[in-house]
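Single-structure report; data block below.
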Amino acid sequence: MPVSEKDETRVYALNLFDVADRAEYLAYSRRSAGEVAAHGGRVVALGRFRESVTGDVEPRRVLILVEWESKAAFDSYRCDPALADLHPHREKGSSAYVWHLYDRLDDLRPLFDV
């Protein structure tokens with residue numbers, strides 16, 4: 001299947017979650033940073049919830065923002081059979097997980113092109 005131009009652009013994965021099981025999430029985080037990098041990802045930001053300013057979204061305690069070389073790179077991390085034992089630690093160690101992908105933009109003009 002040919003890779004589209006959109007698939008070759010950088011994407012950002014927004015991870016928002018609460019820690020449900022400390023030991024499980026630590027097992028995930030000890031290994032995940034190296035695996036993310038090996039699959040073309042780079043952690044851009046880590047954050048702890050401070051306060052809700054506006055909006056009706058239930059806050060999550062943790063934020064991780066990862067820049068991926070492409071959607072294919074993200075998919076290679078998420079679907080790599082060699083990591084089948086890793087992802088369950090994330091799933092068991094977290095709750096209320098939000099994992100959204102955003103295309104990289106150089107400016108906001110594409111949002112207004114109709």
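Exposed loop positions in the chain were taken to be trypsin sites (Lys or Arg not before Pro) whose DSSP state is not H, G, I, E or B and which have at most 14 other beta-carbon atoms within 10 angstrom. Between these positions, the longest stretch is 1-49.
Using a simple spin-label model with pseudo-atoms 7 Å out from Cα toward Cβ, L108 and A96 lie 2.8 nm apart. Looking at region 15-114, the GluC sites (Glu not before Pro) that sit in a DSSP loop and have at most 10 other Cβ atoms within 10 Å of their own Cβ are E51.
Volume of the convex hull of the chain (Cα atoms only), normalised per residue: 138 Å³.
For S52, S95, S70, which order do you get if you count the other beta carbons within 10 Å of each Cβ and list the fewest first? Could the numbers behind the result be given before it?
Numbers: S52 10, S95 13, S70 17.
Final ranking by Cβ density, sparse to dense: S52, S95, S70.
Given R₀ = 30 Å, what would the calculated FRET efficiency be for E8 paired with L46, taking r from the Cβ atoms and rounding to 0.05? Plugging the Cβ-Cβ distance into 1/(1 + (r/R0)^6) gives 0.65.
Mind checking the full-extension length gain between L63 and R31? Use 0.36 nm per residue of separation minus the Cα-Cα distance, one decimal, nm. Provide the component values of the computation, followed by the final result.
Numbers: separation 32, 0.36 × 32 = 11.52 nm, distance 1.78 nm.
Using 0.36 nm per residue and subtracting the Cα-Cα distance, I get 9.7 nm.
Read-outs: derived from the displayed coordinates by stated rules, not from any lab. Just so it is clear, the model here is predicted, and its values are computed rather than measured. Ideal geometry is used to build each Cβ from the backbone, glycine not excepted, and the neighbour counts take in all protein chains shown.
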